[in-house]
Amino acid sequence: DCPAQLLRNLIHFTSRDAMDIEGLGPAVLEQLVDADLVHNIVDLYTLDFDSVMRLDRIGEKTTQNIFAAIEKSKENDLSKLITALGIRHIGAKAAKLVADKLQNMDAILTASVEDFMAIDGFGEIMAKSLYDFLSLPQSRALIERFSELGLNMQSKTVITDTRFEGLT
């Protein structure tokens, strides 16, 4: 609940590699935290237009752009959301591997450590880290809240050719 940690989490969440929300740079995020408008990453999706517009150096057009970028981020691939969660040892590449292999958040939430280790490119440390994160009640509540807010929980990668799967 530390404001500094919250700010770091928000910066990571909105970054290009994660949810890629344009207009929500560190300065704007800091204002949102200081103005007590954001207490966790879910709050980005429940912001009030007028409250954001009242911040320093943010006019109506900028606010519209921010809200458009937030709305657009809801359509991101599942791998972007996994990256944005900031799970230890799980970067953009690992998130893409998980999303491509398991295809949706429900499958990821029900997967075991062994299921994650079966993903080519995943080791025991990464698998355990992902499993441990997803086992936490607060992580599941966060993901459930994102689902309720309309964030994409499906991988957009379509696997059409599996001739070489399992081969080296």
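Its Cα centre serving as origin, the chain has a Cβ charge dipole (Lys and Arg +1, Asp and Glu -1) of approximately 320 debye.
Rg and Dmax over the alpha-carbon atoms of region 21-168 stand at 17.7, 57 Å.
Measuring spread by the Cα atoms of region 1-95 yields a radius of gyration and Dmax of 13.0, 39 Å. What separates the Cα centres of region 1-60 and region 112-154 is a distance of 24 Å. Relative contact order, whole percent, for the chain stands at 22, derived from Cα pairs under 8 Å and 6 or more residues apart. Accessible area per residue was computed with a 1.4 Å probe on protein heavy atoms; VAL28 scores about 20 Å². For ASN104, the residues 5 or more places off, or on other chains, whose built amide H falls under 5 Å of its own are SER155.
Accessible surface for HIS12 stands near 70 Å², nearest 10, in the context of the full protein assembly shown (1.4 Å probe).
Each Lys or Arg adds one and each Asp or Glu subtracts one; over the other residues with Cβ under 11 Å from the Cβ of ILE119, this totals -2.
Local charge for GLU22 was computed over the other residues whose Cβ lies under 11 Å away, with Lys and Arg +1 and Asp and Glu -1, and equals +1. Of the residues PHE67, SER155, LEU97, the one whose Cα sits farthest towards the positive end of the charge dipole of the chain is LEU97 (charges of +1 on Lys and Arg Cβ, -1 on Asp and Glu Cβ, taken about the Cα centre). When a 1.4 Å probe is rolled over the protein heavy atoms, the share of accessible surface on the chain that falls to carbon and sulfur comes to 51 percent. Residues in region 58-115 average 48 Å² of solvent-accessible surface per residue, probe 1.4 Å, ligands and nucleic acids excluded. Ordered from highest to lowest accessible area with the whole protein assembly present and a 1.4 Å probe, LYS96, LYS80, LYS72, LYS128 read as LYS72, LYS128, LYS96, LYS80.
The values are calculated or read from the model by the stated rules, or taken from the named source; none is laboratory data. The structure displayed is predicted, hence computed values, not measured ones. FYI the Cβ positions are ideal-geometry reconstructions off the backbone, even for glycines, and counts take in every protein chain you see. Note: areas computed on protein heavy atoms with side chains; ligands, DNA, RNA excluded. Shrake-Rupley method; radii C 1.70, N 1.55, O 1.52, S 1.80 Å.
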